[in-house]
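Below is one structure, written out as structure tokens; the observations come after it.
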Amino acid sequence: MQLPIKYLKPVKRKTITHEFDSGSQAQILPPQESDDHFLEASKLLQQGIQQQQAGELITAIKSFQQSLGLFQAIGDLQKQAQVLSFLGLSTYSAGDYKGAISYSQQCLSLLNNTSDLALQMQALSHLGNAYRHLNDHKKAIEFLEKCLKITQQLQDKRSQVAALNNLGLVYKALGNFTQAIEYQQRSLEIVRELKDNWGEEQVLKNLGNAWYALDNYPKAIAYYEQCVAIARSLKNFRSASQVLKNLGNACYTLGDYTGAVKYYEERLQLAKEIQDKRSEEQSLGSLGVACEALGDHNKAITYYEERLLLARSIKDRRSEEQALASLRVACYALGDYAKAIQYQQGTSPNS
């Protein structure tokens with residue numbers, strides 16, 4: 001997930017990436033110079049920024065590469081570093097982590113003799129995030145710690161949120177959930193101070209995931225509930241759907257089947273509203289399981305029947321087989337053996 005205002009549809013949404021703010025973008029605008037190469041390079045850079053912000057990552061990368069070539073031709077090292085940082089972000093967001101590392105390292109090498117700490121911070125962030133996805137956690141921590149120090153030096157709180165959150169993700173990947181929670185809790189405090197709802201939603205989700213991984217379901221539920229409330233207010237319905245699933249699962253694990261049904265039903269309604277058939281199918285299956293746990297086999301059968309019809313409509317053979325198996329078990333539990341046999345034969349009494 002990106003910081004607010006600019007969204008690139010990244011491959012991994014848990015990460016918060018560092019981007020140029022409006023001030024640094026203003027600095028990119030070309031001065032009044034007659035050099036055709038400089039003007040063309042600057043035009044391509046601006047074009048790439050617009051494409052990147054629109055989520056058109058492939059075309060943005062091409063624009064940045066062309067811009068980089070022209071800035072290299074005229075020997076403008078500062079502009080080269082800026083373009084390389086954008087290339088690092090774009091390739092990271094596109095899931096090309098090795099490319100992100102290459103561009104970010106080139107960016108840092110050009111900045112060795114400059115005092116542009118903001119660019120260094122961004123390049124270090126891209127490096128840390130890319131190494132995390134490549135499971136090189138030692139390097140990820142090294143670069144993100146350096147990034148965090150610069151954010152503190154610059155008193156850039158928005159970037160501190162990102163650095164702390166992303167360090168938490170690395171420690172979670174290492175299985176060090178206590179350290180992960182510590183970083184993300186610090187991130188949450190700052191993001192709330194900034195009143196950044198988009199960032200807060202992401203950090204709350206990550207904190208919920210960390211507590212869930214520690215099997216502390218009450219804590220996970222507390223963070224997930226806050227996350228869903230913000231996601232709904234932002235109309236980020238797909239994120240809300242994902243967290244509602246986690247909430248239902250957490251309640252089910254705690255034996256709170258009524259709570260599980262509540263969250264699964266919320267997810268089902270949301271899935272129907274946004275026409276997300278996959279989430280709808282999953283929710284129906286989860287609701288059936290939770291109702292069976294409550295001993296309400298008739299209601300479970302109703303949900304499983306809906307799941308079966310939906311699975312057939314979207315031609316999902318695996319889900320269809322799972323729904324039939326669930327229906328057989330529920331019918332046997334009710335003693336309705338004739339109906340169970342029909343499901344055993346792969347037919348529905350209503351078909």
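The values are calculated or read from the model by the stated rules, or taken from the named source; none is laboratory data. Only a predicted model underlies this, so the values are computations on that prediction, with no experimental measurement involved. Neighbour counts are summed over all protein chains in view; Cβ atoms, including those assigned to glycine, are modelled from backbone coordinates with ideal geometry. In case anyone asks, the SASA skips ligands and DNA or RNA and just uses the protein heavy atoms, side chains included. Shrake-Rupley method; radii C 1.70, N 1.55, O 1.52, S 1.80 Å.
Taking segment 260-275 as the range and being assigned to a helix (DSSP H, G or I) and either open to solvent by 20 Å² or more (accessible area, probe 1.4 Å) or over 18 Å from Arg232 (Cβ atoms) (or both) as the test, the residues that pass are Ala260, Val261, Lys262, Glu265, Glu266, Gln269, Lys272, Glu273.
Inspect segment 282-292 for any residue being modelled with pLDDT of 95 or more and open to solvent by 70 Å² or more (accessible area, probe 1.4 Å) and give the result as yes or no. No - not one qualifying residue is present in segment 282-292.
Quick one: in segment 102-122, which of the residues that are over 20 Å from the mean Cα position of the chain (by Cα) and open to solvent by less than 30 Å² (accessible area, probe 1.4 Å) is nearest to Leu167 (Cα to Cα)? Residue satisfying both the conditions and the ranking: Met121.
For segment 155-259, which fully contained helices (runs of 4 or more DSSP H) count at least 3 residues that are among the β-branched types (Val, Ile, Thr) and surrounded by 16 or more Cβ atoms within 10 Å (Cβ to Cβ)?
By residue number, 177-193, 217-233.
I'm trying to understand the selection: among the residues of segment 86-101, which are aliphatic (A, V, I, L, M) and open to solvent by 10 Å² or more (accessible area, probe 1.4 Å)? If the condition is that a residue be aliphatic (A, V, I, L, M) and open to solvent by 10 Å² or more (accessible area, probe 1.4 Å), then Ala94, Ile101 are the ones that fit. When Gly168 is tested against (1) in contact with a Gly (Cβ under 9 Å, 6 or more places away or on another chain); (2) more than 20 Å from Gly88 (Cα to Cα), exactly one condition is not met: (1).
Here Gln155 passes the criteria (1) within 21 Å of the chain's Cα centre (by Cα); (2) farther than 30 Å from Asn216 by Cα except the one numbered (1). Among residues that are charged (D, E, K, R) and within 22 Å of Asn209 (Cβ to Cβ), Asp136 is included.
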